[in-house]
Amino acid sequence: MSNPRISYQMASHRPRLKPPNGKPIIVHLVVNVENWLFDNAMPRKILTAPHGLEQIPDIPNYSWAEYGMRCGMPRLLDCFSDRGLPASVSLNAGVIEAYPSLAAAMRDAGWEFIGHGIHQKSIQGETDEAALINQSLSLIEAFTGNRPDGWLGPGLKETVDTPDILKAQGVEYVFDWVVDDLPCWMTTAHGPLLSMPYALEINDSIVYAVEKHASPEMYRRLADTLELFSREASTQPRVLTLGLHPHLIAVPHRMGYLEKMLDLLQDHPDTVFMTGRSIADWFVSECPPPKE
């Protein structure tokens, strides 16, 4: 089956877009802040149990994630604040109750809140997907005063109905479809929905938790990507997203590499840092949604 939501188009055939503020490399910092339930199986593991006999509670793997919430998140908040960089947070809405001081710190820092389910569990296992999405968005709205415009599914997972449900509930853009370096218009039963670039190749979950590379690997990938984007950006803007998790990138032996990544990006003459909302606004002004 060809892509049922986004019509195929080679990147070289897309209409040329005017870069925002004359800066064609658009950097999006996305921090995934998740609620791993203590009395459930962990979404991912750094340490397997002896003889593979996994049981609940899973103390080492729960602690792996919670270290990021306790120690990693202050590092990220300070790092972005000190540099004056905007950020987006894809938030499990359960974080608001489970880690209230952290939720308040991100809100007070002006981060954009993106819906990310309630707990770190695949939406494909839910019996009432629409109700879960609405609850997630409503919890964030009650906490921040704004209903999220964007959505990133836990694990980037969707059912065949997810885009239709998101559009019906007022979501304007989704990050699950990692198919292009620029936003694309998606087809839903309720009108066009914007698919926003996200990151699998420059994503600490892939680099460190799945592929298990050494600490410098993400910096090397960014440097190589930036070199290519610098050439391509002479003819077309590019969105360069960094997918970050506090228990992965913000541990002591990796945090310095994130700082080097930000140095590299900030020193580049063609970069601009934007949130999901500002990227969407720029793209819509350049490429309005197709008429229904």
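The values are calculated or read from the model by the stated rules, or taken from the named source; none is laboratory data. Computed from a prediction, not measured in an experiment: that's the story for all the values here. Backbone-built Cβ (ideal geometry, glycine too); neighbour counts: all protein chains shown.
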Q. Do you know which of the residues in the stretch 155-173 that are in contact (Cβ under 8 Å) with a residue 40 or more places away in the chain, assigned to a helix (DSSP H, G or I) and out of contact with any Asp or Glu (no Cβ under 6 Å at 6 or more places or on another chain) is surrounded by the fewest Cβ atoms within 10 Å (Cβ to Cβ)?
A. GLY155
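Is the stretch 255-274 home to any residue that is free of Cβ contacts under 8 Å to residues at least 12 places away in the same chain and among the hydrophobic types (A, V, I, L, M, F, W, C)?
Of the residues in the stretch 255-274, the ones free of Cβ contacts under 8 Å to residues at least 12 places away in the same chain are 256, 263, 267, 269.
If we keep only those that are among the hydrophobic types (A, V, I, L, M, F, W, C) too, we end up with none.
No, every residue in the stretch 255-274 fails to be free of Cβ contacts under 8 Å to residues at least 12 places away in the same chain and among the hydrophobic types (A, V, I, L, M, F, W, C).
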Q: Please work out if THR127 is out of contact with any helix residue (DSSP H, G or I) (no Cβ under 9 Å at 6 or more places or on another chain), among the β-branched types (Val, Ile, Thr) and in a loop (DSSP other than H, G, I, E, B).
A: yes
(Q) Of the residues LYS260, LYS212, only one is at positive phi and not β-branched (Val, Ile, Thr); which? (A) LYS212
Q | the stretch 99-134 - residue that is at pLDDT 95 or above and surrounded by fewer than 15 Cβ atoms within 10 Å (Cβ to Cβ) and, of those, farthest from the chain's Cα centre (by Cα) | A | ASP128
Q) When the residues of the stretch 1-54 are filtered to those that are farther than 30 Å from ILE96 by Cβ and of a type in the set (A, V, I, L, M), which remaining residue is surrounded by the fewest Cβ atoms within 10 Å (Cβ to Cβ)? A) MET1
Q.
Just checking, does the stretch 66-74 include any residue being modelled with pLDDT of 95 or more, among the aromatic types (Phe, Trp, Tyr) and under 18 Å from the mean Cα position of the chain (by Cα)?
A. no
Q: Pairs only if they're at least six apart or on different chains, beta carbon under 9 angstrom, first in the stretch 107-129 and without any contact (Cβ under 8 Å) to a residue 12 or more places away in the chain, second in a loop (DSSP other than H, G, I, E, B) and not basic (Lys, Arg); list them, first residue then second.
A: GLU126/GLY117; GLU126/THR159
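Among the candidates LEU102, LEU152, single out the residue that is out of contact with any helix residue (DSSP H, G or I) (no Cβ under 7 Å at 6 or more places or on another chain) and either free of Cβ contacts under 8 Å to residues at least 24 places away in the same chain or hydrophobic (A, V, I, L, M, F, W, C) (or both). If you could, list the steps in order and put the result at the bottom.
Working: LEU102 fails: out of contact with any helix residue (DSSP H, G or I) (no Cβ under 7 Å at 6 or more places or on another chain).
The conditions single out LEU152.
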**Q.** the stretch 243-253 - residue that is crowded, with 22+ Cβ neighbours inside 10 Å and out of contact with any Gly (no Cβ under 8 Å at 6 or more places or on another chain) and, of those, nearest to LEU76 (Cα to Cα)
**A.** LEU244
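Can you report the number of residues in the stretch 253-273 which are of a type in the set (Ser, Thr, Tyr) and under 15 Å from PRO86 (Cα atoms)? Explain how you work it out, then say what you get.
Our first condition is that a residue be of a type in the set (Ser, Thr, Tyr); within the stretch 253-273, this holds for 257, 271.
This time we only want the ones that are under 15 Å from PRO86 (Cα atoms), so: 271.
Count: 1.
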**Q.** Matching residues, the stretch 174-186, being surrounded by fewer than 18 Cβ atoms within 10 Å (Cβ to Cβ) and either at pLDDT below 95 or β-branched (Val, Ile, Thr) (or both)
**A.** VAL178, VAL179
Q) Using beta carbons and a limit of 7 Å, which pairs, at least six apart or on different chains, have the first residue in the stretch 217-238 and at pLDDT 95 or above and the second one of a type in the set (Asp, Glu) and part of a helix (DSSP H, G or I)? A) MET218/ASP204; ARG238/GLU232
**Q.** Conditions (1) within 16 Å of HIS247 (Cα to Cα); (2) free of Cβ contacts under 8 Å to residues at least 60 places away in the same chain; (3) in contact with a Leu (Cβ under 6 Å, 6 or more places away or on another chain): number failed by ALA93
**A.** (1)
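In the stretch 193-292, which strands (runs of 3 or more DSSP E) lie fully inside it and hold 2 or more residues that are of a type in the set (A, V, I, L, M)? Quick ask: steps written out before the conclusion?
Working: elements: 193-195, 238-244, 271-273.
Once the strands (runs of 3 or more DSSP E) in the stretch 193-292 are filtered for at least 2 residues that are of a type in the set (A, V, I, L, M), what remains is 193-195, 238-244.
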